[in-house]
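Below is one structure, written out as structure tokens; the observations come after it.
The values are calculated or read from the model by the stated rules, or taken from the named source; none is laboratory data. Computed from a prediction, not measured in an experiment: that's the story for all the values here. A quick note on method: Cβ atoms are made from the backbone with ideal geometry, for glycine too, and the neighbour counts reach across all protein chains shown.
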Amino acid sequence: MTVLQTEQRGRVSILTFNDPDRRNVVSDELNAALLRAFDDMEANKDVGAVVLTGAGRAFCAGAVLDNLLAAGEGDSYLPDIYSGFLRVAHSTLPTVAAVNGAAVGAGMNMVLACDLVVAGQSALFDTRFLSIGLHPGGGHTWRLRNITDLQTAKAMVLFKQVLDGGEAASRGLAWECVDDADLVDVAVGYAELAAAHPKELVARSKETLHSTAGVTASEESVKLEIGPQVWSMHQPAFMEMVKGLKSRISNKS
């Protein structure tokens, strides 16, 4: 059994965490599979976006406890336990989390790594770290704070607040909440919209969006976009649009 299944729908790859008996835990096997999958997808010109979801009744549970303990001792390096979700977070491809069932602890990091979150009615978002006596890791607090607001982040991390799909959508943690039966199709629909753009243009736009975290003034924001916007003006998508527009104007005159 592979812990990560891959399906292709047009230009969208669907990755399914496939360890349902363990609620799709963040295991060494899953991390290694995610690294390989994203290397392959980013190199594939026919893949323009990715949807991540879980097999069975859960999206993704926390890390395997023995792996987590081992990563915090001796010569092991703790961030290795987060390598899979960080590969998702740092991907040049647009990513959509289709959250079915529980996303817990490190599994919630998988959600926070994605560019867009679609929740099913069965979704549950549970940070869980403090409840097991563990400080959040992998940039969990930073990512949660960035996608929601400070009070929501504190409520979830400090006050044990677990959000269902509808609550997650109302608080900005998810874009929308849909019926479980429609979840993957809705997520793929969003992914198709992003995949329709030129791949390099999407990658550069994602990079710019992430870079805005350090921008504090209007002038900086303009400078940040000048280089990539000028680059885009010399790419086929824009040049062909201009050519077509000029042709239509010429035909009317």
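Quick one: count up the residues across the stretch 1-38 that are among the small types (Gly, Ala, Ser) and at positive phi. Counting residues in the stretch 1-38 that are among the small types (Gly, Ala, Ser) and at positive phi gives 1. Checking each residue in the stretch 7-42 for being among the polar types (S, T, N, Q) and exposed (fewer than 15 other Cβ atoms within 10 Å of the Cβ) picks out only GLN8.
When you check PHE125 against the structure, is it farther than 25 Å from ASP21 by Cβ and assigned by TED's automatic domain parsing to the domain that holds ASP19, yes or no? Here the answer is no, as PHE125 does not meet what is asked.
Each residue in the stretch 119-158 was checked for being within 15 Å of the chain's Cα centre (by Cα) and of a type in the set (A, V, I, L, M), and 3 pass.
Residue count for the stretch 78-124 satisfying the condition of being touching an Asp or Glu at 6+ places or on another chain (Cβ under 8 Å) and either aliphatic (A, V, I, L, M) or farther than 21 Å from ALA181 by Cα (or both): 14. Here ALA55, ALA103 are screened, and the one residue that is modelled with pLDDT of 80 or more and under 22 Å from MET156 (Cα atoms) is ALA103.
Residues of the stretch 127-146 that are aliphatic (A, V, I, L, M) and either under 16 Å from LEU86 (Cβ atoms) or at pLDDT 95 or above (or both): LEU130, LEU144.
Set side by side, the residues ARG248, ARG171 differ, and just one is among the basic types (Lys, Arg) and either under 20 Å from the mean Cα position of the chain (by Cα) or within 30 Å of GLY133 (Cα to Cα) (or both), which is ARG171. Taken as a whole, the condition of being among the hydroxyl-bearing types (Ser, Thr, Tyr) and touching an Asp or Glu at 6+ places or on another chain (Cβ under 8 Å) does not apply to THR216.
Quick check: anything in the stretch 121-143 closer than 30 Å to ARG204 by Cβ, of a type outside the set (Gly, Ala, Ser), buried (at least 21 other Cβ atoms within 10 Å of the Cβ) and free of Cβ contacts under 8 Å to residues at least 60 places away in the same chain? The answer is yes; a qualifying residue exists. For the stretch 159-215, a residue qualifies if it is assigned by TED's automatic domain parsing to the domain that holds VAL12, small (Gly, Ala, Ser), part of a helix (DSSP H, G or I) and over 18 Å from VAL88 (Cβ atoms), and the qualifying residues are GLY165, GLY166, ALA168, ALA169, SER170, ALA181, GLY189. If you go through the stretch 91-120 and pick out every residue that is closer than 25 Å to ASN44 by Cβ, among the small types (Gly, Ala, Ser) and not in a loop (DSSP other than H, G, I, E, B), you end up with 2.
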